[in-house]
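Accompanying notes for the structure given below.
Just so it is clear, none of the values below were taken in a lab; they were calculated from the coordinates. Note that the structure is predicted; figures quoted are calculated from it, not measured. In this analysis, Cβ positions are derived from the backbone assuming ideal geometry, glycine residues included, and neighbour counts consider all displayed protein chains.
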Amino acid sequence: MADNVTPRVRVPSSASAGEDITIKTLISHPMESGQRKDKEGNTIPRSIINRFVTTFNGETVIDVTMEPAISTNPYFEFVSKVPESGTFEFTWYDDDGSVYTESKDITVE
Amino acid sequence: LGAAAAIFLPRIGWADATTDAIAEFTGGADLTEGGALKLTAPEIAENGNTVPIEVDAPGAEAILILATGNPNPDVGTFHFGPLSGAQMASTRIRLAGTQDVVAVAKMADGTFQRASQEVKVTIGGCGG
Amino acid sequence: GNWGRLAAQQSLTQDGLIGAPRAGDVTVVHVTDIHAQTQPIWFREPSINLGVGQVEGKPPHITGPEFRAAYGIEQGSALDYALTYQDFVALGREYGRMGGLDRIATVVRAIRDQAPGAILLDGGDTWQGSLPSLRTNGGDMVRLFNALGVEAMTSHWEFTLGIDRVTEIVENELGCPFLGANIFDAMWDEPAYEPMTRFERNGTQVAVIGQAFPYLPIANPSWMFPDLSFGVRAERMAEVVEEARAGGAEVVVVLSHNGFDVDRKLAAEVPGIDVILTGHTHDALPEPVRVGDTHLIASGSHGKFVSRVDLDVADGRVGEVRHRLIPIFADVIAPDPEMAALVSETRAPFADEMAEVIGQTDSLLYRRGNFNGTWDDLICQALLTERDAEIALSPGFRWGASVMPGQDITREDIFNATAMSYPAAYRTEMTGDMLKIVLEDVADNLFNPDPYYQQGGDMVRVGGLGYRIDIAAEQGSRLSDLTMLSTGEPIDPSRSYVIAGWASVNEGTEGPPIWDVVESHIRNQGTVSVPENTTVALKAG
Ligand SMILES: [Mn+2]
Ligand SMILES: [Mn+2]
């Protein structure tokens, strides 16, 4: 399992009704590609986050399939509708079975 | 310069793998160039290990990203859900040398669009 | 001799050089790429300054006779000496050194007397390039430019002081905004510096937008400012211009460190810019280059010139634009006493160290030009001998004052060509194949036909190696006939060569500072002679 995996997200705490908001997410993770070799010349096994999903009140905003060519500390920026007050759920799926989550509430004024 | 050469990866073509990946995504359907799909990437990567790219295709269901010069061209696919506010997304990708980055968008009507941009990955050094 | 010099200067007067153009509603004064040169210096302009693709043969890609013809400059005149390279030594002995911050202060003061409220802008590459600036981490230049009354600046080499020092200066020492519309925080992709500042002059609203050098993390060590991202970001520039106009700006000035060809393309892509004050590529042009309604101004480097731009504004729009490129002839323009005293004060702690004579030169030492200059050849020779290498590589910087033949070489002269924050003279091995890849890569950064793929600067200088280059060829096939000069043998792609160089952008590069290597070499030589370089052959396009 990758060490010190820390998800971070930037979501405005409030929005006006019908407003689209920009969300930025970042998760610290080495994204080991499976193509690097260690000092002894042995291939370092692949260990990446392979999927990232954002939902709002249970409905999908974005669902990303990820390959080893996504950089270390995967970053995503995207736009979400916010039909009502509620909660964003962010989920990152690791090759090793780990699942990392973060959530943010937003109030529609 | 100098030691920088050690991290330089020469340009390699992997056209077949790219073609295969696109065919898998489109099911062999025709591609139109450009259209609503816009791919934004830097002309010169500041760091080949983390190259910012942005795709934007109003009305798209999904957008596939490929790095045509990587040993494995697959980068990722964005699937936009019902709450997607705009069918656009940014991420950062790894490029093993100067190459074309390609995006293919699957539009809601089942058609496909393609866009590409060359990104230069350079050793760096020197300046005015 | 002195008689010739007097005759040459007879027609030159301080008032004549400064002139008295009709003041506009807005007057802008531009200096750029001073590279920490506070003293009058010699600086030979390039004999070769190639343009590729659409800009081939267009200013600033003209030199010598073509340059004189384009601007109606008489051969042997003061402007010929200031702007071209021919007969540099002879004309230099007639017209004397150029620049000096105390002379610039005199000119700025005179312009402000004629046009009160003239806005003084600095295009960057200000805090690097001399021994005092190196020792004070740019502190001397910040102090001097504050005293000069600079009202906004942008940047390039500033960031090679490291992000902590830049932050310290911007927050505590700098008396003006530090602008960079294209500088973003790398983690969250958000603006990291102010993009613009606004002025009101004679009832006219002016916006000045800053644009830092777009390729900083590539051309310079990115580990010194790891959390920043740059780039041309033309769309961002368009947004900021729109924001400026929406906020009432009647005049939009971009204070740019893009380099001339990048600015020419930007001007064509981004509407609404009245004036781009260009920098980085060190070009000096006596007239603006027009791209649509945008005027591109090129004000040279090293304090040789000050540009004055006067804009007439009516009904919220710019009308006539008048430009004057003022050459700073150090023997003609009187030093401003206050600035002269302040400059002396900043130099005093290092005066003895700088004045020490290391050797003499029989040859003009200069750097500027697309390929090896004599200063570079001397540095390459120093690397070959002092670091016991087969091939030397020296970066294609465009900064570095010239040294006249027959002159002493002081420690100050050496630092004027080498002072920077990553000076380690490394020694490494590289295969012939890799060496070619490196040189091809640098060549593409210079000669790619699309300006947005160019970084500015010049071709890496080589010692011990000769080659042919066809700049119009494709990436990867511009160079041919790579030859070891010592043996006349072709470079073997599979053989390993011992390479010495300096200014690596890699963190942890080891070796003595380049100025020690050069000083030691010059001491051993006593008097250096550096013939014109004939080892790089340019294939006529
Ligand atoms: Mn410069
Ligand atoms: Mn510069």
Checklist line | Summed residue charge, Cβ within 13 Å of residue A:58's Cβ, Lys/Arg positive, Asp/Glu negative | finding: -3
Check: Which residue fluctuates the most in chain A, going by a Gaussian network model with Cα springs under 10 Å, if the choices are A:83, A:30, A:74?
Finding: A:83
Checklist line | chain C - charge dipole about Cα centre, Lys and Arg +1 at Cβ, Asp and Glu -1, debye rounded to 20 | finding: 1100 debye
Margin query: For residue C:45, what residues show an amide H to amide H distance below 5 Å, using hydrogens built from the backbone and excluding near sequence neighbours?
Written below: none
Check: From the phi of every residue in the range C:340-349, what ³J(HN,Hα) in whole Hz does the Karplus formula 6.51 cos²θ - 1.76 cosθ + 1.60 yield, where θ is phi - 60° and glycine or proline is x?
Finding: 4, 5, 5, 4, 4, 4, 6, 8, 3, x
Next item on the list: Report the residues of the range C:204-225 in range of a label on residue C:22: point 7 Å along Cα→C-beta, backbone N strictly under 12 Å from it.
Entry: none
Check: From the residues C:106, C:117, C:127, which one has its Cα farthest along the dipole of the range C:106-224 in the positive direction, the dipole being from +1 and -1 charges on Cβ of Lys/Arg and Asp/Glu about the Cα centre?
Finding: C:106
Checklist line | Shielding by partners - mean other protein chain Cβ count within 10 Å, residues of B:85-97 | finding: 6
Check: Mind ordering A:41-51, C:432-442, C:190-200 by average Cβ neighbours within 10 Å, highest first?
Finding: C:432-442, C:190-200, A:41-51
Notebook entry, point to check: Which of the peptides C:151-164, B:79-92 is most tightly packed, and how do the rest follow, going by the mean number of other Cβ atoms within 10 Å of each residue?
Noted result: C:151-164, B:79-92
Note to self: What value in Å³ per residue do you get for the convex hull of the alpha-carbon atoms in chain C?
What the structure shows: 142 Å³
Item checked: Length-normalised contact order for chain A - Cα pairs under 8 Å, 6+ apart - percent -> 32 percent
Note to self: Net charge within 9 Å of residue B:115 by Cβ-Cβ distance, Lys/Arg positive one each and Asp/Glu negative one each, not counting residue B:115 itself?
What the structure shows: +1
Notebook entry, point to check: Residue by residue through the range B:53-59, which ³J(HN,Hα) values in whole Hz follow from phi under the Karplus form 6.51 cos²θ - 1.76 cosθ + 1.60 (θ = phi - 60°), with glycine and proline marked x?
Noted result: 10, 9, 10, 8, 9, x, x
Check: When the Kirkwood radius is taken over all Cα pairs of the protein assembly as shown, what Stokes-Einstein diffusion coefficient follows at 4 °C and 1.567 mPa s, in µm²/s?
Finding: 47 µm²/s
Check: Looking at the range A:29-72, which GluC sites (Glu not before Pro) are DSSP coil and have at most 12 other C-beta atoms within 10 Å of their C-beta?
Finding: A:40
Note to self: If amide hydrogens are placed 1.01 Å from N in the peptide plane, which non-local residues have theirs closer than 5 Å to the one on residue C:250?
What the structure shows: C:205, C:206, C:207
Notebook entry, point to check: For the range B:15-99, what's the relative contact order in percent, using C-alpha pairs closer than 8 Å and at least 6 residues apart?
Noted result: 32 percent
Check: Residues of C:25-34, mean number of Cβ from any other protein chain within 10 Å of their own Cβ, rounded to a whole number?
Finding: 0
Note to self: As a test of the formula, what do you get for chain C when each DSSP H run with n ≥ 4 contributes -39,500 (n - 2.57) and the sum is divided by the residue count, at 222 nm and rounded to the nearest 500 deg cm²/dmol?
What the structure shows: -8500 deg cm²/dmol
Next item on the list: Set the Förster radius R0 to 41 Å, insert the Cβ-Cβ distance between residue C:245 and residue A:96 as r into 1/(1 + (r/R0)^6), and round the FRET efficiency to 0.05.
Entry: 0.20
Item checked: Pairwise FRET efficiency - residue C:450 versus residue A:20, Cβ, R0 = 45 Å, nearest 0.05 -> 0.85
Next item on the list: Over the Cα atoms of the range C:333-430, compute the convex hull volume and normalise it per residue, giving Å³.
Entry: 142 Å³
Next item on the list: Pull up the DSSP beta bridges for chain C and report the antiparallel fraction as a percent, rounded to 5.
Entry: 65 percent
Next item on the list: Eight or more residues apart or on different chains, and alpha-carbon atoms under 23 Å: count the Lys pairs in the protein assembly as shown matching that.
Entry: 15
Checklist line | Residue order, fewest to most surrounding Cβ atoms within 10 angstrom, among A:91, B:68 | finding: A:91, B:68
Item checked: Most positive-pole-ward Cα, B:23, A:34, C:145, against dipole of the protein assembly as shown from beta carbon charges -> C:145
Margin query: Under 5 Å between amide hydrogens, which residues at least 5 positions from residue C:215 or on another chain qualify, with H placed 1.01 Å from N in the peptide plane?
Written below: C:231
Notebook entry, point to check: Measuring from label point to label point, each 7 Å out along Cα→Cβ, what is the residue A:35 to residue C:235 span in nm?
Noted result: 2.6 nm
Next item on the list: With a/c under 1.5 counting as rounded, go ahead and sort the range C:1-141 into rounded, prolate or oblate using the C-alpha gyration tensor (a ≥ b ≥ c being the square roots of the eigenvalues; past the cut-off, prolate if a/b is larger than b/c, else oblate).
Entry: rounded
Note to self: Under a crude label model (7 Å from the Cα following the beta-carbon direction), how far is residue C:194 from residue C:69 in nanometres?
What the structure shows: 4.7 nm
Item checked: Kirkwood Rh in Å, taken over the range C:134-182 so that all alpha-carbon pairs contribute -> 11.0 Å
Notebook entry, point to check: Charges only on Cβ, +1 for Lys and Arg, -1 for Asp and Glu: so what's the dipole of the range C:319-365 about the Cα centre, in debye to the nearest 20?
Noted result: 320 debye
Checklist line | Rounded if a/c under 1.5, otherwise prolate or oblate - the range C:285-377, Cα gyration tensor axes | finding: oblate
Next item on the list: Would you kindly derive the ³J(HN,Hα) couplings of the range C:503-513 from the backbone phi angles with the Karplus curve 6.51 cos²θ - 1.76 cosθ + 1.60 (θ = phi - 60°), listing them in order in whole Hz, with x for Gly and Pro?
Entry: 6, 5, 7, 7, 5, x, 5, 10, x, x, x
Notebook entry, point to check: Peptides C:133-140, C:223-230, B:110-117, C:212-219: what's the order by average Cβ count within 10 Å, highest mean first?
Noted result: C:212-219, C:133-140, C:223-230, B:110-117
Next item on the list: With +1 on each Lys and Arg Cβ and -1 on each Asp and Glu Cβ, and nothing else charged, work out how big the dipole of the protein assembly as shown is about its Cα centre, in Debye to the nearest 20.
Entry: 1480 debye
Next item on the list: Could you work out the relative contact order of chain C, using alpha carbon pairs under 8 angstrom and six or more residues apart, expressed as a whole percent?
Entry: 17 percent
Notebook entry, point to check: residue C:11 to residue C:520: FRET efficiency via 1/(1 + (r/R0)^6), r the Cβ-Cβ distance, R0 41 Å, to the nearest 0.05?
Noted result: 0.35
Next item on the list: Would you mind classifying the range A:6-108 by shape? Square roots of the alpha carbon gyration tensor eigenvalues, ordered a ≥ b ≥ c; an a/c under 1.5 is rounded, otherwise it is prolate if a/b is larger than b/c and oblate if not.
Entry: prolate
Notebook entry, point to check: Under the definition of partner shielding as Cβ atoms of other protein chains within 10 Å of a residue Cβ, what is the mean value for peptide B:35-42?
Noted result: 1
Check: What net charge is computed for the residues neighbouring residue C:500, neighbours being all others with C-beta under 10 Å from the C-beta of residue C:500, Lys and Arg scored +1, Asp and Glu -1?
Finding: -1
